[in-house]
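Working notes for the structure below.
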Amino acid sequence: MHLEFFPSRTLTFYLARLFVTRILAVLVMLVLVLQMLDLLGESGDILAAPGNGQAELLYYVSLRVPQLVARFLPYSVLLATIITLATLNQNSEVIAMKSAGLSAHQVLAPLVLAAFAISLLSFAFNERVVTHATAALDAWQAADYGPIPEDPGVRSNVYLAEGNDILMAATVSGTGNDMVLGNVTYYRRDANGMIVEEMRAPRAAYTQAGWRLTQPKRFRVAGTETTSLASATVAAGITPARITITSVDADSQDIFTLSRSIDAMKVAGRRTTQLEAAWWHKISGPLSATLMPLLGAVAAFGLARSGQLLVRAVIGMALGFAYFVIDNAALAMGNFGGYPPFIAAWSPFLLFALLGETVLVRTEE
């Protein structure tokens, strides 16, 4: 019987349903509270843009909520694990299940299965919804919450230097020769690297001769004079291909698009360690929800009347939050090359899987 993880279909569905409903309840509570706090902080900037009103606030919420769901779903699974298992322990349901011959792993199996299903849904949600919402929100924020870019593939905050030219753009839309830059700033430097000229334009389009600025304002450092021009062509050495491989944001690209971006950067001889770590974390991140029942299992076993239920719940919560801290630290190490990308993304997962299993075996009474 101990080799069968789901000996009772009724018990499996009961525990899974109990667990999933608590995950949803905790997630909704966290997202509502955090979204209200976030909206309070951003509403002033949103409404400061001319023409913005309630519709723009709701649009901001629609872009921010998917990010909050993706970020705090593993936390919700952890908290729901603690609540579910502590409640079962308090009501002596764990004792009843163990008296029926179930092992600790059989008690946890329905929760782990439900968490794995949530991990798969989280991965699909991140790839199909969160990436698009992140790209749109980044572009909107780069435009200071001005007119919303219509291009769903718009990118933001590009910085490029080539020879004596420095080109910056708040937004980038289109691809190839059809690429268009928004809120452009161009700097020309002398042989000593000192800036001698600055141009600012609302728009720039690519031509074979360089980037054609629309109605730029030019400032010359030597004469401290500012002039308005009908157009100007600058930065002939900066091509759309260079911008494409420079403005790669892993959070706003799905896993397949990110793979192509990494390949393009490798061909160009660029460093891809950070993007490769982010690629692996797109898989290990959602899968972390599967770990939470194992890390929080310490709250399920042990007699409730012993007075240690609260201590066990705190230990389970500490293990879960320690995982998120170590995961972020390992990812940061991977970003600057301290760890190989695969190790940076997966080592915390494997480490805490072993740690959770060890704690479960050692603390079960």
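For segment 165-187, the criterion of being surrounded by 13 or more Cβ atoms within 10 Å (Cβ to Cβ) and at positive phi is met by at least one residue. The single residue among ALA300, ALA268, ALA264 that is in contact with a Lys or Arg (Cβ under 9 Å, 6 or more places away or on another chain), at pLDDT below 80, among the hydrophobic types (A, V, I, L, M, F, W, C) and in the same structural domain as PHE125 (by TED's automatic domain parsing) turns out to be ALA300.
Considering segment 131-148, the residues that are in contact (Cβ under 8 Å) with a residue 40 or more places away in the chain, buried (at least 22 other Cβ atoms within 10 Å of the Cβ) and hydrophobic (A, V, I, L, M, F, W, C) include one that is nearest to ALA48 (Cα to Cα), namely TRP140.
Do any helices (runs of 4 or more DSSP H) lying entirely in segment 52-157 carry at least 1 residues that are touching a strand residue (DSSP E or B) at 6+ places or on another chain (Cβ under 8 Å), and which ones are they? I'd like the intermediate steps shown before the answer.
Details: elements: 54-90, 93-99, 104-125, 131-142.
Fully inside segment 52-157 and qualifying: 131-142.
Check whether at least one residue in segment 70-83 is at positive phi and in the same structural domain as GLY296 (by TED's automatic domain parsing), and report yes or no. No, segment 70-83 contains no residue that is at positive phi and in the same structural domain as GLY296 (by TED's automatic domain parsing). For LEU63, the requirement of being at pLDDT below 95 and under 19 Å from the mean Cα position of the chain (by Cα) is met.
Let's see how each residue does on (1) out of contact with any Phe, Trp or Tyr (no Cβ under 9 Å at 6 or more places or on another chain); (2) within 22 Å of THR272 (Cα to Cα); (3) in contact (Cβ under 8 Å) with a residue 40 or more places away in the chain; (4) buried (at least 18 other Cβ atoms within 10 Å of the Cβ):
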position	(1), (2), (3), (4)
LEU310	yes, no, no, no
ALA313	yes, no, yes, yes
GLY316	yes, no, yes, yes
GLY320	no, no, yes, yes
TYR323	no, no, no, yes
ALA329	yes, yes, no, no
ALA332	yes, yes, no, no
ASN335	yes, yes, yes, no
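Only a single item in (1) in contact with a helix residue (DSSP H, G or I) (Cβ under 7 Å, 6 or more places away or on another chain); (2) closer than 28 Å to ALA135 by Cα; (3) crowded, with 17+ Cβ neighbours inside 10 Å is not met by LEU85, and it is number (2).
Just one of (1) farther than 30 Å from ASP190 by Cα; (2) assigned by TED's automatic domain parsing to the domain that holds ASN192 trips up THR87, so point out which. Tallying (1) farther than 30 Å from ASP190 by Cα; (2) assigned by TED's automatic domain parsing to the domain that holds ASN192, THR87 fails exactly one: (2).
The residues on offer are PHE19, PHE6, and the sole one that is surrounded by 12 or more Cβ atoms within 10 Å (Cβ to Cβ), at pLDDT below 90, in contact with a helix residue (DSSP H, G or I) (Cβ under 7 Å, 6 or more places away or on another chain) and not polar (S, T, N, Q) is PHE6. In the set (1) surrounded by 21 or more Cβ atoms within 10 Å (Cβ to Cβ); (2) more than 19 Å from LEU309 (Cα to Cα); (3) at pLDDT 90 or above, LEU78 fails one condition alone, (2).
Taking segment 167-210 as the search range and keeping residues that are part of a strand (DSSP E or B) and among the small types (Gly, Ala, Ser), which one is nearest to THR239 (Cα to Cα)? Write out each step before concluding.
First pass over segment 167-210, keeping only residues part of a strand (DSSP E or B): 167-173, 180-189, 195-207, 210.
Retained after the next criterion (residues that are among the small types (Gly, Ala, Ser)): 169-170, 173, 182, 201, 204-205, 210.
Numbers: ALA169: 14, ALA170: 17, SER173: 14, GLY182: 16, ALA201: 18, ALA204: 13, ALA205: 11, GLY210: 8 Å.
Checking each candidate, the answer is GLY210.
In segment 86-113, which residue that is within 31 Å of the chain's Cα centre (by Cα) and among the aliphatic types (A, V, I, L, M) is nearest to LEU360 (Cα to Cα)?
Going residue by residue through segment 86-113, those that are within 31 Å of the chain's Cα centre (by Cα) are 86, 108-113.
Now narrow it down to the ones that are among the aliphatic types (A, V, I, L, M): 86, 108-109, 111-113.
On the way: ALA86: 15, LEU108: 10, ALA109: 13, LEU111: 14, VAL112: 14, LEU113: 17 Å.
Per the stated criteria, the residue is LEU108.
Of all the numbered requirements in (1) surrounded by fewer than 17 Cβ atoms within 10 Å (Cβ to Cβ); (2) at pLDDT 90 or above, LEU213 misses one, and that requirement is (1).
The values are calculated or read from the model by the stated rules, or taken from the named source; none is laboratory data. As the structure is a prediction and not an experimental result, all values here were calculated from the model. No Cβ is skipped: glycine too gets one built from the backbone with ideal geometry, and neighbour counts run over all protein chains shown.
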